[in-house]
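The values are calculated or read from the model by the stated rules, or taken from the named source; none is laboratory data. Owing to the predicted nature of the structure, the values given are computational and were not obtained by experimental measurement. FYI the Cβ positions are ideal-geometry reconstructions off the backbone, even for glycines, and counts take in every protein chain you see. Just the protein is used for accessible areas: all its heavy atoms, side chains included, with ligands, DNA and RNA removed. Shrake-Rupley method; radii C 1.70, N 1.55, O 1.52, S 1.80 Å.
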Amino acid sequence: MSHRTFEDVKDVILSAHKNTEAGDKVGFYNTWAENYDQDVGLLDYRAPSLAANCLSPCFHGDRVTAVILDVACGTGLVAAQLKRMGFRHFVGVDGSKGMLELANKTGLYQDLKQCMLGDEPLPVQAGQFDVVVIVGALSDGQVPVKVIRELCQATKPGGYVCMTTRGNHDNLEYKAALEHELALMEGAGLWGHVAITEVEDWEKAVAEPEKGYIPGVVYVYRKSSQ
């Protein structure tokens, strides 16, 4: 394992923010895949565990038979957390072939699919999943807000959707747009919120002038049974 530092990680993440085109993003994540788990450890990236901890008390079904769609699954950090909580069946979707190769090596997933979220339709059947999770990818320059309607469509009636976003300054406009869409969908009767958890210590700040940790939020919604 290489001896990487937090400064190395800062440089990597800040370079990612400059990649605005989808192809550039995928290329970046393919390159980053090898060091990803180590780097997010240095970043003290807590989103996977925070999301799992928020979702777990909301879910009252059979965890052994529940099927979870892990969107923007990366190397499998969220699925690993959920497996510790009794879930067993995972389907992963990600835009990066490099990330999917590492996710496959974990043995956590029954199926893995490559998809450029926002540019291509989510490659799953509607109403198929007990839980849909997307952790870390709903932020400025990554997955567009419009994708959350596809997440809802993929969920079974009465199933759950767990989403996260960052609350740092650079992401506030995206966060506002996301929450507006969540509220519109709730107003339309598509789902209702179950838990919204604001977290102060989400991950270490990398962008100037932010110091210490940036905040984040976990949203858990339940799809209407109709």
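Determine if the range 1-10 includes at least one residue that is crowded, with 16+ Cβ neighbours inside 10 Å, modelled with pLDDT under 95 and closer than 26 Å to Glu198 by Cα. Spell out how you get there, then give the answer.
Of the residues in the range 1-10, the ones crowded, with 16+ Cβ neighbours inside 10 Å are 9-10.
Among the residues that remain, those that are also modelled with pLDDT under 95 are: 9-10.
Subset that is closer than 26 Å to Glu198 by Cα: 9-10.
Yes.
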Among strands (runs of 3 or more DSSP E) entirely within the range 142-226, at least 3 residues that are touching a Ser or Thr at 6+ places or on another chain (Cβ under 7 Å) occur in 155-166, 213-223
- prompt: Within the range 171-187, is even one residue touching a residue at least 24 places away in the same chain (Cβ under 8 Å) and in contact with a Pro (Cβ under 7 Å, 6 or more places away or on another chain)?
  reply: no
Pairing a residue in the range 212-225 that is acidic (Asp, Glu) with any residue that is part of a strand (DSSP E or B), where Cβ atoms lie under 7 Å and the two sit 6 or more apart in sequence or on different chains, gives none
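Of all residues in the range 63-99, how many are in a strand (DSSP E or B) and either crowded, with 24+ Cβ neighbours inside 10 Å or free of Cβ contacts under 8 Å to residues at least 40 places away in the same chain (or both)? Step through it out loud before you land on a result.
First, the residues of the range 63-99 that are in a strand (DSSP E or B): 67-71, 89-94.
From the residues that got through so far, the ones that are either crowded, with 24+ Cβ neighbours inside 10 Å or free of Cβ contacts under 8 Å to residues at least 40 places away in the same chain (or both) too are 68-71, 89-94.
Total satisfying the criteria: 10.
Consider the range 138-192. How many of its residues are at positive phi and either of a type in the set (Asp, Glu) or in contact with a strand residue (DSSP E or B) (Cβ under 9 Å, 6 or more places away or on another chain) (or both)? Give the derivation first.
At the first step, the residues of the range 138-192 found to be at positive phi are 141, 158, 189.
From what is left, the residues that are either of a type in the set (Asp, Glu) or in contact with a strand residue (DSSP E or B) (Cβ under 9 Å, 6 or more places away or on another chain) (or both) are 158.
So the answer is 1.
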Cβ pairs under 8 Å, 6+ apart or interchain, first in the range 38-62 and in a loop (DSSP other than H, G, I, E, B), second modelled with pLDDT of 90 or more and of a type in the set (Val, Ile, Thr), ordered by first then second residue, are Arg46/Val199; Phe59/Val131
Residue hits (the range 191-213; open to solvent by 30 Å² or more (accessible area, probe 1.4 Å), in contact with a Lys or Arg (Cβ under 7 Å, 6 or more places away or on another chain) and of a type in the set (A, V, I, L, M)) are Val194
